[in-house]
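Data block below; observations after.
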Amino acid sequence: MGFLDLLARWPVLRQLKEGDLKGLGETSMTERSRTLEPRTVQADQVVKSVCPYCAVGCGQDVYVKNGRILDIEGDPDSPISRGRLCPKGAATFQLVTGSHRVQDVLYRRPGGIEWEVLPLEKAMDMVAERVKRTRDATWEEKDVNGLPVNRTLGIAHLGGATLDNEENYLLKKLYTSLGIVQVENQARI
């Protein structure tokens, strides 16, 4: 390959020769870029979803092929976000598919320095036992004036911005049934 052949392949000269001064046309393409296509075209299903990060409720299209998520994009049909996602919402794909995501229950015993992996069932039993023990130990049927309150002040809940309205509704119902009155969400703080 001669010098002139090499020079003719230089993108700037191709752009000048073709009149594509901004490099937005065919002159900016390579053999590889000509064959590229969005991941979304390979999907056999598009599932409508809602971004999990805050209470705004931006719509998402989840592109799936053979039961695996290929991509997550903003839903252009959503009246809330009209196809747009914030940086956290745009990173939802990594949230649900990332290899760095911890998928085990990790527990560190009081005074311990090492994490240990627990089965989910055991961890759930431990949480339930501690909630019941604390609720029983701090239960108040009546206040100082003798009025019925049926509550516990020994347990509180601070929700996060990743909880949607439905999750917050169910959590509030659970906590109210347990007599927990100190319920707050970080979105209001």
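Surrounded by 13 or more Cβ atoms within 10 Å (Cβ to Cβ), closer than 28 Å to Glu167 by Cα and small (Gly, Ala, Ser): which single residue out of Ser28, Ser49 fits that description?
Going through Ser28, Ser49 in turn, just one is surrounded by 13 or more Cβ atoms within 10 Å (Cβ to Cβ), closer than 28 Å to Glu167 by Cα and small (Gly, Ala, Ser): Ser49.
List every residue pair whose Cβ atoms lie under 6 Å apart, where the two residues are 6 or more positions apart in sequence or sit on different chains, the first residue falls within segment 32-55 and is assigned to a loop (DSSP other than H, G, I, E, B), and the second residue, located anywhere, is among the hydroxyl-bearing types (Ser, Thr, Tyr).
Note: pairs meeting the criteria are Ala43/Tyr63; Pro52/Thr162; Tyr53/Thr162.
Condition check ((1) under 30 Å from Gly179 (Cβ atoms); (2) touching a helix residue (DSSP H, G or I) at 6+ places or on another chain (Cβ under 9 Å); (3) not assigned by TED's automatic domain parsing to the domain that holds Tyr53) across all residues:
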site: Pro87; (1), (2), (3): no, no, no
site: Ala90; (1), (2), (3): no, no, no
site: Gln103; (1), (2), (3): no, no, yes
site: Gly111; (1), (2), (3): no, no, yes
site: Arg133; (1), (2), (3): yes, no, yes
site: Glu140; (1), (2), (3): yes, no, yes
site: Val144; (1), (2), (3): yes, no, yes
site: Asn150; (1), (2), (3): yes, no, yes
site: Ile155; (1), (2), (3): yes, yes, yes
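So, Leu120, is that one touching a His at 6+ places or on another chain (Cβ under 8 Å) and modelled with pLDDT under 95 or not?
It is false that Leu120 is touching a His at 6+ places or on another chain (Cβ under 8 Å) and modelled with pLDDT under 95.
Each row is one residue, and each column tells you yes or no for (1) free of Cβ contacts under 8 Å to residues at least 24 places away in the same chain; (2) on the phi > 0 side of the Ramachandran plot; (3) surrounded by 15 or more Cβ atoms within 10 Å (Cβ to Cβ); (4) among the basic types (Lys, Arg).
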| residue | (1), (2), (3), (4) |
| --- | --- |
| Asn66 | yes, yes, no, no |
| Glu73 | no, no, yes, no |
| Ser78 | yes, no, yes, no |
| Gln94 | yes, no, no, no |
| Glu121 | yes, no, no, no |
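The values are calculated or read from the model by the stated rules, or taken from the named source; none is laboratory data. The structure displayed is predicted, hence computed values, not measured ones. Ideal geometry is used to build each Cβ from the backbone, glycine not excepted, and the neighbour counts take in all protein chains shown.
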